[in-house]
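Undergrad: Below is one structure. I have some questions about it.
The values are calculated or read from the model by the stated rules, or taken from the named source; none is laboratory data. Nothing here was measured: the structure is a model prediction, and the numbers come from that model. Please note: Cβ atoms are built from the backbone with ideal geometry, for glycine as well, and neighbour counts cover all protein chains shown. The protein model used for the area step is the full one, side chains on, heavy atoms only, and it has no ligands, DNA or RNA in it. Shrake-Rupley method; radii C 1.70, N 1.55, O 1.52, S 1.80 Å.
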Amino acid sequence: MNVFQAVRGALRAMRTVDRARKPYLHLAKNKSTFSLGGSRSESSMASAFKIQEAPDPKTSPVCSYNEWDRLEEVIVGRIDNSVVPPFNSEVKVCSPEKHWDFFESNSGKPWPREHLLKAIAEVEEVCNILTQEGITVRRPDPIDFDVEYNTPDFKSTGMYCAMPRDILLIIGDEIIECPMAWRSRFFEYRCYRELIKEYFKAGAKWTTPPKPLMSDELYNEDVVMLSAAERTEQHRSGRHFTTEFEPCFDAADFMRAGRDIFVQRSQVTNRFGIEWMRSHLGDEYTIHELTFEDPRPMHIDATFSILRPGLILVNPERGCHQIEIFKKAGWDVVEAAQPLMPNEHPLWLGSQWLSMNVLMLDEDRVMVDSNEIPTIKMFEKLGIKTVKASMRHANSFGGGFHCWTSDIRRQGTLQSYF
Ligand code: NVA
């Protein structure tokens, strides 16, 4: 058994449900390219990983299988009309305690105006830059997020449509409207419906998984007040903030690499949701669950990121328990540079590690924060050209470039990289 077969075997073993792979997954002949710590040319292993291309998807305006093929069309979120979400356990479990007073006094109100305007200006600039790079930029339609809604199980106001990465999971030519776990995000899909209908009419697939009830049974309220160590212990024993009452998941907990998709069980993505995705995608894809040293897991993309075949970016403070598998396969694993975000800058819904929440425009170009000099240097050292814009104020709402966008179309086709 060679190393690649061993790696593939180990990845398979990580899955809770065994599923036969399709017969087109044969190993590439030239395995000599798989060297540990290789240079750019050695680690540019796309051709070695390329096993056998699947046929092109039918003509569709939506087509994106991974995080690095050349980007052609992208949705960029909007923060207009947005309001601070209700201060409930979903928010508490995901936001730093130092901001709880802010949420308590501002729930249902607009976000601080000056900060919001700066974020809007930053994101407009991101759109301009993307357009200059030849990428088509589309935007959602904000709704009245301050309107209170009642369902048989809960009442809430909304939040925003700033982070299309959370709600839209693009797998090839399919748009999946994710069943997110936050009550304040229940109606967020409405902001994307005009776009999705247009894409559907032009040939895309459109899927809405079972909409969660979001009744009290979906949440383990007590987890909110646990210390980091207690939470970690509970996660190890399989107990999380969200229960297994019904499927729920955010697209941002998935990292796509062709036929292999990586996911973390987080505070908003449960195993039921992961199983739903496995059952939905079938044998053509393999979903691998990764786990990390993270007491507050929410969205994989400030923790673990695949930049291109053979190159992974990891958060040095959130160790990946399965990282050896990638190293043994000859993938380069690079630790993200320390963020420079000042401590006093308000990050109501995220961490300083949004510095690594980057958007690959293709294998050799990355969109990165212009303030994050160590991160810029890190990418340049990897031979990746940086396209820079400031996102400091946009970061405050819980996302960086990856979160604020959803790649609708990239040039490549479905391939296997493992
Ligand atoms: N919980 C994440 C959000 C990632 C988009 C963080 O570390 O900021």
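Undergrad: If Glu124 passes every condition in (1) more than 23 Å from the chain's Cα centre (by Cα); (2) at pLDDT 95 or above but one, which one does it miss?
TA: Just one mismatch for Glu124, condition (1).
Undergrad: Scanning for something within 22 Å of Val123 (Cβ to Cβ), surrounded by fewer than 18 Cβ atoms within 10 Å (Cβ to Cβ), free of Cβ contacts under 8 Å to residues at least 24 places away in the same chain and within 16 Å of the ligand (Cβ to nearest atom), does region 371-392 turn up at least one residue?
TA: no
Undergrad: Across region 68-84, which residue is farthest from Ala204 (Cα to Cα) among those that are open to solvent by 10 Å² or more (accessible area, probe 1.4 Å) and either modelled with pLDDT of 95 or more or of a type in the set (Asp, Glu) (or both)?
TA: The residue in question is Asp80.
This table checks each residue for (1) of a type in the set (A, V, I, L, M); (2) modelled with pLDDT of 95 or more.
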{"residue": "Ser184", "(1), (2)": "no, yes"}
{"residue": "Tyr189", "(1), (2)": "no, yes"}
{"residue": "Val224", "(1), (2)": "yes, no"}
{"residue": "Ala228", "(1), (2)": "yes, no"}
{"residue": "Arg236", "(1), (2)": "no, no"}
{"residue": "Thr242", "(1), (2)": "no, yes"}
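Undergrad: Got at least one residue in region 159-172 being within 17 Å of Glu90 (Cα to Cα), buried (at least 20 other Cβ atoms within 10 Å of the Cβ) and among the small types (Gly, Ala, Ser)?
TA: Within region 159-172, not a single residue is within 17 Å of Glu90 (Cα to Cα), buried (at least 20 other Cβ atoms within 10 Å of the Cβ) and among the small types (Gly, Ala, Ser).
Undergrad: What's the total number of residues in region 241-294 that are in contact with a Cys (Cβ under 9 Å, 6 or more places away or on another chain) and on the phi > 0 side of the Ramachandran plot?
TA: 0
Undergrad: Here is a further query. Kindly check whether there is at least one residue in region 236-250 that is under 20 Å from the mean Cα position of the chain (by Cα), within 24 Å of Leu307 (Cβ to Cβ) and in contact (Cβ under 8 Å) with a residue 12 or more places away in the chain.
TA: yes
Undergrad: Keeping to region 196-244, report how many residues are open to solvent by 70 Å² or more (accessible area, probe 1.4 Å), in a loop (DSSP other than H, G, I, E, B) and not β-branched (Val, Ile, Thr).
TA: Of the residues in that region, 5 qualify.
Undergrad: Follow-up. Give the residues of region 245-283 that are open to solvent by less than 10 Å² (accessible area, probe 1.4 Å), part of a helix (DSSP H, G or I) and among the hydrophobic types (A, V, I, L, M, F, W, C), sorted by residue number.
TA: Passing the criteria: Ala251, Ala252, Ile274, Met277.
Undergrad: Count, please, the residues in region 300-328 that happen to be crowded, with 19+ Cβ neighbours inside 10 Å, away from the ligand (no atom under 13 Å from the Cβ) and outside any strand (DSSP E or B).
TA: The total comes to 4.
Undergrad: Return a yes/no flag: does region 175-188 have any residue that is touching a residue at least 24 places away in the same chain (Cβ under 8 Å) and open to solvent by 40 Å² or more (accessible area, probe 1.4 Å).
TA: Within region 175-188, one or more residues are touching a residue at least 24 places away in the same chain (Cβ under 8 Å) and open to solvent by 40 Å² or more (accessible area, probe 1.4 Å).
Undergrad: Mind checking which residues of region 122-141 are touching a residue at least 12 places away in the same chain (Cβ under 8 Å) and either assigned to a helix (DSSP H, G or I) or open to solvent by less than 10 Å² (accessible area, probe 1.4 Å) (or both)?
TA: Within region 122-141, Glu122, Val123, Glu125, Val126, Cys127, Ile129, Leu130, Ile135, Pro140 qualify.
Undergrad: Related question: What single numbered condition from (1) under 19 Å from Gly172 (Cβ atoms); (2) within 14 Å of the ligand (Cβ to nearest atom); (3) of a type outside the set (Val, Ile, Thr) fails to hold for Ser279?
TA: (2)
Undergrad: For region 43-51, indicate whether the set of residues that are more than 18 Å from Cys403 (Cα to Cα) and modelled with pLDDT of 50 or more is non-empty.
TA: no
Undergrad: How many residues does region 290-299 contain that are under 10 Å from His321 (Cβ atoms) and either open to solvent by 20 Å² or more (accessible area, probe 1.4 Å) or within 11 Å of the ligand (Cβ to nearest atom) (or both)?
TA: Number of matching residues: 3.
Undergrad: Moving to a separate point now. Step by step: first the residues of region 329-368, then only those that are within 11 Å of the ligand (Cβ to nearest atom) and open to solvent by 30 Å² or more (accessible area, probe 1.4 Å), then the one that is farthest from Cys94 (Cα to Cα). Which residue is that?
TA: Top of the filtered list is Gln352.
Undergrad: Could you please find all residues in region 85-103 being within 24 Å of Asp250 (Cβ to Cβ), among the charged types (D, E, K, R) and surrounded by fewer than 17 Cβ atoms within 10 Å (Cβ to Cβ)?
TA: Matches in region 85-103: Glu97, Lys98.
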